[in-house]
Amino acid sequence: MKKILITGGAGFIGSHVVRRFVNNYPQYEIINLDALTYAGNLANLTDVENKNNYRFVKADITNAAEINNLFKSENFDAVIHLAAESHVDRSIADPSAFVMTNVIGTVNLLNAAKEYWKGDYANKRFYHVSTDEVYGALGETGMFTESTSYDPHSPYSASKASSDHFVRAYHDTYGLDIVISNCSNNYGSHHFPEKLIPLAINNIKNNRPVPVYGKGENVRDWLWVEDHARAIDVIFHNAKTGQTYNIGGHNEWKNIDLIHLLCTIMDQKLGRAEGESAKLITFVTDRAGHDLRYAIDSTKLQNELDWVPSLQFEEGLAKTVDWYLQNEDWLNNVTSGNYQAYYDNQYKGR
Ligand code: NAD
Ligand code: TYD
């Protein structure tokens, strides 16, 4: 049996990865390690929490002793590392937390893997999940490929770039079996409503202003989160050691166009008059150092591992809106700071 440590499994993307691995690989034992920060929510995993091949461990990757003890007692075969501080605006307000978790936390995991796998990496793997934001910003044309130079601009992307470099350094220096993927912006269910799409859905639903930074001209390449989880599955199982893959949706949208599409979908779903939700759009001061455009070339992943996105954006966005409208309790809980109470109720003494 393979014992796989997934970090950050209570977060947005991590919960989709945990769900996929627990459901698709009953022969694996999946251990979800998460510190349950504001972004971590065990309510994201209620459908798998009682499965025999799933366990949750509350731990903080910045705590090296805690991580070492866990590696010592559990003897993992692989790590899929998603735990991170993930929001650019928060990184602008407080870069230190990003250095601690994204850089130091990643190095703590690498050290533990190096120490406890003892140089025998034959059937071991360290998979690091990263972002396209490490490549910086594009102008009107071009796409990021795996050979694009790193040029991070925000404290978030600088911390992720640094963690990527450390992961590669542990491959080059110690021979650790690593793979890295750099993915574009994800969307879908269980997305914390501080990020553009869930924030806009929540605000439109509650008739609150929808803040659009600057003129809304910035472009992001949106990918359905379950397509990302499938890409991680494919890469984890099939990539050669030391490889990097870009993952993207071939789905570029200017923020303002995306928000208008969302408003149209919300008008239909909420039975509002056409154009009603769009009245909530409010242009606000731009983000400092706001990257103009991201676009991913995922040809390598398509050609080598036969992965392509499965879902059209309009369909995915409508499904996402449905999920948020059908899961009001989830939305209310995460916006009212009740994560911890949920955790205490459900997991006290475990
Ligand atoms: P998220 O913020 O929703 O979840 C992060 C999870 O990590 C949370 O459950 C949180 O509790 C946990 N965590 C944070 N600090 C921790 C610590 N010190 N110790 C243990 N756990 C900790 O993030 P997400 O959007 O799901 O992103 C997951 C990963 O994917 C990140 O590494 C991010 O950089 C990367 N990524 C995200 C996107 C995106 O669009 N969201 C795109 C590409 C890559
Ligand atoms: P976000 O979801 O924070 O992801 P990232 O910054 O990692 O790409 O933001 C997506 C885009 O939306 C980005 O260009 C910033 C913009 N944005 C807004 O215009 N308003 C908002 O309230 C937020 C959160 C983001």
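The values are calculated or read from the model by the stated rules, or taken from the named source; none is laboratory data. Remember, predicted model here, so these are calculated numbers, not experimental data. Using ideal geometry, Cβ is built from the backbone for each residue, glycine included, and neighbour counts are taken over all protein chains shown. These accessible areas exclude ligands, DNA and RNA; they are computed on the full protein's heavy atoms, side chains included. Shrake-Rupley method; radii C 1.70, N 1.55, O 1.52, S 1.80 Å.
Amide H to amide H distances under 5 Å link Gly11 with Asn41, where only residues 5 or more positions off or on other chains count and H is placed in the peptide plane. Once Lys and Arg get +1 and Asp and Glu get -1 on their Cβ, which of Ala158, Trp222, Thr335 lies farthest toward the positive end of the dipole of the chain? Checked the options; the winner is Thr335. State the answer as a single residue: which of Asn63, Leu42, Phe76 lies farthest towards the positive end of the charge dipole of region 24-154, with beta carbon charges of +1 for Lys and Arg and -1 for Asp and Glu, about the Cα centre. Final value for the positive-end residue is Phe76. Put simply, the amide H of Thr131, placed in the peptide plane, has neighbours under 5 Å in Cys183, leaving out anything fewer than 5 places away on its chain. Counting pairwise Cα distances across region 233-300, what percent come out greater than 19 angstrom? The answer is 59 percent, as a whole percent.
Here the 3J(HN,Hα) profile of region 41-53, calculated from phi with Karplus coefficients 6.51, -1.76 and 1.60 at θ = phi - 60°, is 8, 5, 5, 6, 10, 4, 6, 10, 5, 9, 6, 5, 9 Hz, Gly and Pro shown as x. The mean sequence distance of close C-alpha pairs (under 8 Å, at least 6 residues apart), as a share of the length of the chain, puts its relative contact order at 18 percent.
Place a +1 charge on the Cβ of each Lys and Arg in the chain and a -1 charge on the Cβ of each Asp and Glu, then give the dipole magnitude about the Cα centre in debye, rounded to the nearest 20. Kindly include the intermediate steps, with their values, before the conclusion.
Values: 32 positive and 43 negative charges, 154 e Å.
Magnitude of the dipole: close to 740 debye.
Determine the per residue accessible area of the chain with all protein chains present and a 1.4 angstrom probe, expressed in square angstrom. Before the final figure, lay out each step's value.
Values: 14610 Å² over 350 residues.
On a per-residue basis, 42 Å².
Tell me, what is a quarter of the convex hull surface for the C-alpha atoms of the chain, in nm² with one decimal? If you can, show how the numbers build up before the last one.
On the way: hull surface 67.2 nm².
For the chain, averaging the hull's shadow over all directions gives 16.8 nm².
Taking every DSSP helix (H) stretch of at least 4 residues in the chain, weighting each as -39,500 (n - 2.57) and dividing the sum by the residue count yields a mean residue ellipticity at 222 nm of -12500 deg cm²/dmol.
Rolled with a 1.4 Å probe across the full set of protein chains, the surface gives Arg90 an accessible area near 90 Å². A 1.4 Å probe over all protein chains sorts Phe12, Phe313 by accessible area into Phe12, Phe313, starting with the largest. Both radii come from the Cα set of region 78-222: Rg as radius of gyration, Rh as Kirkwood radius; their ratio Rg/Rh reads 1.03. Counting every alpha-carbon pair across region 1-77, the share separated by more than 14 Å comes to 57%. Put a plus charge on the Cβ of each Lys and Arg, a minus charge on the Cβ of each Asp and Glu, and nothing anywhere else: the dipole of region 176-311 about its Cα centre is then about 460 debye.
Quick one: work out the % antiparallel among DSSP beta bridges in the chain, nearest 5.
10
Cα convex hull, region 174-305: 131 Å³ per residue, rounded to a whole number.
The residues packed around Ala200, meaning those with a beta-carbon under 12 Å from its beta-carbon, carry a net charge of +2 if Lys and Arg are +1 and Asp and Glu are -1. With Cβ to Cβ distances under 10 Å as the rule, what net charge do the other residues near Ala59 carry (K, R +1; D, E -1)? So the environment of Ala59 carries a net charge of -2. Here region 231-322 is treated with +1 on each Lys and Arg Cβ and -1 on each Asp and Glu Cβ, and its dipole about the Cα centre works out to around 200 debye.
Taking the longest Cα principal axis of the chain as reference, the axis of helix 225-238 is set at about 20 degrees. For region 189-199, the Karplus equation 6.51 cos²θ - 1.76 cosθ + 1.60, evaluated at θ = phi - 60°, returns couplings of 6, 6, 8, 5, x, 10, 8, 3, 5, x, 5 Hz by residue, with Gly and Pro reported as x.
Taking GluC sites (Glu not before Pro) as candidate sites, keep only those in a DSSP loop with at most 10 other Cβ atoms within 10 Å, then name the longest stretch of the chain containing none of them. Result for the longest clean stretch: 1-139. Between the helical axis of 313-326 and the longest alpha-carbon principal axis of the chain there is an angle of about 90 degrees.
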